[in-house]
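The numbers here are math on the coordinates, done by the rules we state, and not lab data. Note that the structure is predicted; figures quoted are calculated from it, not measured. Positions of Cβ are backbone-derived with ideal geometry, glycine not excepted, and every protein chain shown enters the neighbour counts.
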Amino acid sequence: MRIVWIFFLLFLWMPRIRADASWFAPADAPREPLDASWFAPADAPREPLDASWFAPADAPKEPQNLYWRPILSLFLPGLDQYAQGHTRSGLVYSSVWAGSLIWYTNRARKLKDMHEDMQWDLWTESQKSDFAQHEELPRQATLALQYTLSIGALSAWHSFRSGVETHRASGRFAFLEHEETPMDLLVAPFEFSHLQRKTTWIPLLVAAGLGAMGPNFLSEDYQRDPFSSADAFHTAAISYNAGVAEEALFRGYLQPLFYDQTHSTLWANTLQATLFALAHRGTVERPVAQAGIGFYLGWLQQKRNWTLSESIFIHTWWDVIALSSSYLVRLKDDKRGRAPPVIWLPGVSFLW
């Protein structure tokens, strides 16, 4: 239900892109009308298409800063879009962010109260991890926080790509020849044509092999657990958010920025992969695998002319496999901590 709501907002946000204009181009960029239709009468009135709906309202006097503007947009989504005159985009970013933040605050408060009721401090780390992964309330809190961070990542990427257009006159970022809109990123997890490429199906096959090992090699404290509809929902939602937002932030924003500064594909890729791994320290003690997959996805983005579609597809479905596998395993009943039951009502819990 929540994903449907997010998609509805983003559908309203779909740009009407001119074929001859950059989606991110400033409003004062020279714009020439498309060639007239081959069938048009010679005396027919000819008018250029309207400027991109997302173009900044005012011409930038100088190239825009590519550091503080995207970073501010990361923590206050929509901020730079308002400054650029992308009011509609800014409203989508900020409203989704505000709604997700309210939802997260509510879930986090309820979770804190629950922890007090069940003597959380007396639980083992295994019990805490099992509770966070399988119980409904911590899942909702995690998903709400992820929405908050994901919309910030998209806003930061959008801010960066808008800023890039103001640097093109000086020759910077000439390597970003191909342009993807936010809608291109949002539909990328469903571009199954990528499966025809070895660069896609081989890493996903590796992920499937690794994922199959977990449920089949269990320690004595763990057991197989049925895969429920709630597991499917959370797997889809979390994987989708991570695939789109993390690729936009790390491979869509940071990696091109590092390459522009270092002029080295190796350094740019290594730096973004390192930051990508460090960003996962909160959920993984030694994020070596995250560094490896981050480096691979960065290499793939460069190979695909700095486009994100294939890396988003791989990232999303890699996470689907990994999360599905983890939901199939949990502590045995007599090893778990005890918590009050939480009723799963998607339509109601989104609001309350």
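I'd like the FRET efficiency for TRP68 and ASN216, computed as 1/(1 + (r/R0)^6) with the beta carbon distance as r and R0 of 56 Å, rounded to 0.05.
Numbers: r = 49 Å, r/R0 = 0.88.
So the FRET efficiency works out to roughly 0.70.
Can you list residues whose amide H is under 5 Å from VAL329's amide H, if they're 5+ apart or on another chain and H is modeled 1.01 Å from N?
Amide H to amide H, under 5 Å and 5 or more residues apart or across chains, VAL329 pairs with ASP225.
Once fully extended, how much extra length lies between ALA232 and THR124, figured as 0.36 nm per residue of separation less the alpha-carbon to alpha-carbon distance?
Details: separation 108, 0.36 × 108 = 38.88 nm, distance 2.70 nm.
Value of the extension gain: 36.2 nm.
Let's see if you can work this out: charge +1 on each Lys and Arg Cβ, -1 on each Asp and Glu Cβ, no other charges. What is the dipole magnitude of segment 65-351 about its Cα centre, in debye to the nearest 20?
In debye, rounded to 20, segment 65-351 gives about 380.
What FRET efficiency comes out for the pair THR283/SER193, r = Cβ-Cβ distance, R0 = 30 Å, nearest 0.05? Don't jump to the answer; show the numbers that get you there.
On the way: r = 31 Å, r/R0 = 1.03.
Computed FRET efficiency for THR283 and SER193: 0.45.
Could you tell me how far the Cα centroid of segment 185-223 sits from the Cα centroid of segment 89-133, in Å?
If we compute the Cα centre of each part, the gap is 27 Å.
Starting from the amide H of TYR222, placed 1.01 Å from N in the peptide plane, find each other amide H under 5 Å away whose residue is 5 or more places distant or on another chain.
Counting only residues 5 or more places away or on other chains, the set is LYS332.
Fully extended, how many nm does the chain gain between ALA169 and ILE202 (0.36 nm per residue separation, minus their Cα-Cα distance)?
Details: separation 33, 0.36 × 33 = 11.88 nm, distance 4.00 nm.
Result for the pair: 7.9 nm of gain on full extension.
Per residue of segment 269-276, in order, report the coupling 6.51 cos²θ - 1.76 cosθ + 1.60 (Karplus, θ = phi - 60°) as ³J(HN,Hα) in whole Hz, putting x for Gly and Pro.
My calculation for segment 269-276 gives 5, 5, 5, 5, 5, 5, 5, 4 Hz in order.
Select from GLY243, TRP123, LEU297 the residue farthest towards the positive end of the dipole of segment 65-351; place +1 on Cβ of Lys and Arg, -1 on Cβ of Asp and Glu, and compute about the Cα centre.
LEU297
Enumerate the calculated ³J(HN,Hα) couplings along segment 230-238 in order (Karplus 6.51 cos²θ - 1.76 cosθ + 1.60, θ = phi - 60°), each rounded to whole Hz, writing x wherever the residue is Gly or Pro.
3J(HN,Hα) across segment 230-238, in whole Hz: 5, 4, 5, 5, 5, 4, 5, 5, 5.
Using C-alpha positions alone, give me the convex hull volume of segment 65-351 per residue in cubic angstrom. Please report the intermediate quantities before stating the final value.
Details: hull volume 40.1 nm³, N = 287.
Once divided by residue count, the hull of segment 65-351 is 140 Å³.
Based on the Cβ-Cβ distance from TYR296 to LYS332, what FRET efficiency comes out when R0 is 35 Å, to the nearest 0.05? Walk me through the numbers on the way to the answer.
Numbers: r = 36 Å, r/R0 = 1.03.
According to the calculation, E is roughly 0.45.
Taking LYS332 as the anchor, which lysines have their alpha carbon closer than 24 Å to its alpha carbon, excluding any fewer than eight residues away along the same chain?
Once the sequence-local lysines are set aside, what remains near LYS332 is LYS128.
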